[in-house]
1. Mind checking which lysines have their Cα closer than 16 Å to the Cα of residue 67? Skip sequence neighbours fewer than 8 apart in that chain.
2. Separation between the residue 30 and residue 47 pseudo-spin-labels, each 7 Å from Cα along Cα→Cβ, expressed in nm?
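Just so it is clear, none of the values below were taken in a lab; they were calculated from the coordinates. Being a predicted model, the structure only gives us computed values, none of them experimental. In this analysis, Cβ positions are derived from the backbone assuming ideal geometry, glycine residues included, and neighbour counts consider all displayed protein chains.
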Amino acid sequence: MRATQLNVIHFTLQTNMNRAELVERIVLENDISKAVTGRVLDTLIGTIQSTVRRGNSVTLVGFGTFKPVKRAARVGKNPRTGVAVDIPAGVVPKFTPGAKFKAAVDPKAALRKTAGHESHRRRFA
């Protein structure tokens with residue numbers, strides 16, 4: 001790897017990653033152009049948004065599920081004045097992480113979950 005490639009990887013592992021850094025990471029890992037990578041990323045995001053907008057979900061096995069969720073109407077407060085405000089019902093996007101993604105972020109949680117299933121089986125066997 002070139003020195004600039006190492007710096008990009010080192011930088012992205014220590015901070016939040018933005019779109020440009022994600023594109024750069026994909027380029028480095030797959031040896032494709034930034035232009036193609038950007039178009040693919042735009043297509044992926046656009047497809048997820050339009051599918052969820054239509055009321056359907058998108059599941060990427062192991063990564064997670066994007067889906068629309070209905071929110072009931074409720075009463076909120078204006079933080080500046082304290083006056084009650086009616087908030088209408090609506091639909092918001094929701095992401096639910098998959099098991100592999102959860103395990104990648106917190107391996108200890110995956111082990112605890114596995115251990116919990118084992119003890120549950122022993123208790124009720």
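1. 94
2. For the pair residue 30/residue 47, the computed spacing is 1.1 nm.
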